[in-house]
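FYI, it's all coordinate maths here, none of it is from the lab. The shown structure was predicted, so the numbers you read here are calculated from the model rather than taken from an experiment. All Cβ positions, even for glycine, are placed from backbone atoms using ideal geometry, and neighbour counts span all protein chains on display.
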Amino acid sequence: MSDLLYYIKKEDHSSEKLEKILNSNKNIKFVSLMGVDLGGNATDEKIPVSLFLEDIDSFLNSSIQTDGSSVELYNIATLNNAKVDLKTDKNATWFVDYNHDFYDKETDKPVGTLKIPAFLIHDNKKVCSRATLERAEAYFKDSIMKLILENPKLIENTNIDNVEEVESIGLTAATELEFWVNTPEDKADLEKLFVSQSLKEQYWKRTHGVIRTCLEKCLIELELYGLEPEMAHKEVGGIHSSINNEGSTNHAMEQLEISWKFNTPLQASDNELLVREVVYDVFESHGLEVSFKAKPIHGVAGNGAHAHVGVSAKLKNGKIVNLFAPKDLKSDYLSPIGYGALMGMLKNYEVLGPIVTNTNDGFNRLVPGFEAPVCTVTSLGHSYEIPSRNRSVLVGLIRDVDNPKTLRFELRSPNPQSNKYLVIAGCYQTMLDGIKAIVNLEKYDTKELESELSKNPEDKGFYLEEGRSYRDENNVFDYYTLDERNRRFGQPPATVYEAMLNFEYYPEKLKVLTAGDVFTISILKSFKMGSLDKWKKKLSSRIIDRNIRLLRSFKKLHTPDSMDALDEVVWDSIEQIKYDLMKNTMKGPSIYGMIKEALEKGDYQAASELQLEARKRMEEIQQLYVNYRKNIF
């Protein structure tokens, strides 16, 4: 399929060039404007290419009306003001989405849809995820350039000799994607999955069969789209698949990861949406199911989708300099800008966190023991010359002493369903706050900045908060107890409701997000309202109903002739938990009944607390049933 058109760069987005391109590729039958709402959902519609070409100038330069009820813009696009327009983004790369199950008779090529990234417009304002990140990019670059010009000391410990050499500021971002694949209808054997994960039997092992075929097809297709894939491999989760008599794969259940080259923040976020579609289409075409959920299977590794962010300066001689990197990587971890950015992200994570994790599924992933970050802490390294890859921290410092251009921060908390547009926008907003702080305080000495970042909880910092520690080189899950972690790094929210409360609890930190009108108050309110609405609806229906079905599947297996007293004791414990969770009686409702009542009354605090209790009891009963089943003769 190398003769297919896979993308159109911004240099070719004029009406004349587009007409020529589309007329030369008759199998591209449709055009779709792709706006991304605040829930991270991308719009998709089919506009015939013939209609697009008839009115191409309007499509390129005006707005196309759509129905606000079809996008997630809570309290923005209302029933009495639902008009939302889609405006073409001519600066983004446009991709062609091919339907390989439907071939054009004239060209004998798959029918394609030209997907055009767009902005959602309401009341003449850009109100979508893509627009928020666009504003964040512009505000960060303008602010950094101004800070550098007005405060030359800010770049003294970088590889820039004179502030007058700086021509522009560049931002780079990268994402990666973890996902589970399995043959349809297969049920997880939790014990096998857990043991395989503990033994690391799958991690980076050779793929084979249909899994290998699909993974290789994905990489080839991503290359055709110009995304420059860098790596694909097995992740820690999964079990060995089996082969049937016909040589086909049976019982596949594996976790995989794909990464690709960095780009500008907005383009990097667009690229991730494309990668998800490619992965889904390729594996589904081979009869495999794909899950991008944060925690598809309880008790084993969930899916992460880490976000990498960097900042550079382009000099007038064409040289690119990493502004996070110090002049000598063997005597400093970071430059002053790097330290300020890292401290800003950590200090303000209370308001960035709800944007990163705003679903029940997302919080299911953020538990100790699965390389998913729970504590607001970073790691720099045990020495300047030995990079740290501490996988227990929230923000990782990626550095290579021999290659300063690669130095960047890795936010490890996002999952595949996190809205990367808003996540990356939030990263740059919080980083900018820390950079502004060191300028306002005139703190440019890297040793003093390193000491601030490395302070103990009892130390009073000039920017970071007293009572908290922000750097640790240990595995924070093994080295500290739960109480010790909460005392050192702060107690993280455990439900969507608790996370959204942070927007109220930290008004000063909320101003960090709204600086420069990047995140407007209306957008944050809409995001919060949408997150809470989905939380309560999924909790009261899908989660409770799914758990009740699971509880009903726990059957008594022992008989009087083949039992021990231990079997009876364990089964009684299982029965009691089932009763407490799901059985409503005249004396009162069950835990699930109380959750539904609390949500109906609008008592979200009670519902949140009961959700945590129910989650704890579900974990307990699942482990009890595994042990009970194993002991049956």
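Pick out, in residue order, every one of the GluC sites (Glu not before Pro) in segment 81-170 that is DSSP loop and has at most 12 other C-beta atoms within 10 Å; say none if there are none.
Within segment 81-170, the qualifying GluC sites (Glu not before Pro) (loop, at most 12 other Cβ atoms within 10 Å) are 106.
If you take the square roots of the eigenvalues of the alpha-carbon gyration tensor of segment 1-58 and sort them as a ≥ b ≥ c, do you get rounded (a/c under 1.5), prolate (a/b over b/c) or oblate?
prolate
Sticking with the crude label model, points 7 Å out along Cα→Cβ, report the distance from residue 462 to residue 55 in nm, one decimal please.
For residue 462 paired with residue 55, the spin-label model returns 6.0 nm.
Can you spot the lysines whose alpha carbon is less than 26 Å from residue 20's alpha carbon? Ignore those fewer than 8 places along the same chain.
Residue 20 reaches 9, 10, 29, 46, 87, 90, 105, 109, 115.
With a cut-off of 20 Å, note down the residues of segment 1-33 whose backbone N falls inside the zone around a label point 7 Å from the Cα of residue 45 toward its beta carbon.
What the label zone holds, given the 20 Å backbone N cut-off, is 29-33.
Using alpha-carbon pairs under 8 Å, 6+ residues apart, how would you state the relative contact order of the chain in percent?
Relative contact order, the chain: 13 percent.
Along Cα→Cβ, 7 Å out, is where each label goes; now give me the distance between the ones at residue 633 and residue 267 in nm to one decimal.
According to this spin-label approximation, the distance is 7.0 nm.
Could you order the peptides 477-490, 444-457 from most to least packed, using the average number of other C-beta atoms within 10 Å per residue?
Going by the mean number of other Cβ atoms within 10 Å, highest first, we get 444-457, 477-490.
Does segment 419-485 come out rounded, prolate or oblate by the C-alpha gyration tensor, with a ≥ b ≥ c the root eigenvalues, rounded set by a/c under 1.5 and, if not, prolate when a/b is larger than b/c and oblate if not?
Judged from the Cα gyration tensor, segment 419-485 comes out oblate (a/c at least 1.5, b/c at or above a/b).
Only bridges with both residues in the chain count here: give the DSSP antiparallel percent, nearest 5.
Counting DSSP beta bridges with both partners in the chain, the antiparallel share is about 90 percent.
Cross-chain or 8 or more residues apart, Cα under 21 Å: how many lysine pairs in segment 355-484 fit that? Count them up, please.
7
Could you give the length gained by full extension between residue 450 and residue 586, i.e. 0.36 nm per residue of separation minus their alpha carbon distance, to one decimal place?
Answer, rounded to one decimal: 42.8 nm.
Indicate the gyration tensor shape class of segment 7-126 (rounded, prolate or oblate), computed on the Cα atoms with a ≥ b ≥ c the square roots of the eigenvalues: a/c under 1.5 is rounded; otherwise a/b larger than b/c is prolate and the rest oblate.
Prolate, because a/c is 1.5 or more and a/b exceeds b/c.
Hey, could you get me the Stokes-Einstein D for segment 531-630, Kirkwood radius over alpha-carbon pairs, 37 °C and 0.692 mPa s, rounded to whole µm² s⁻¹?
Numbers: Rh = 14.6 Å.
Rounded, D is 225 µm²/s.
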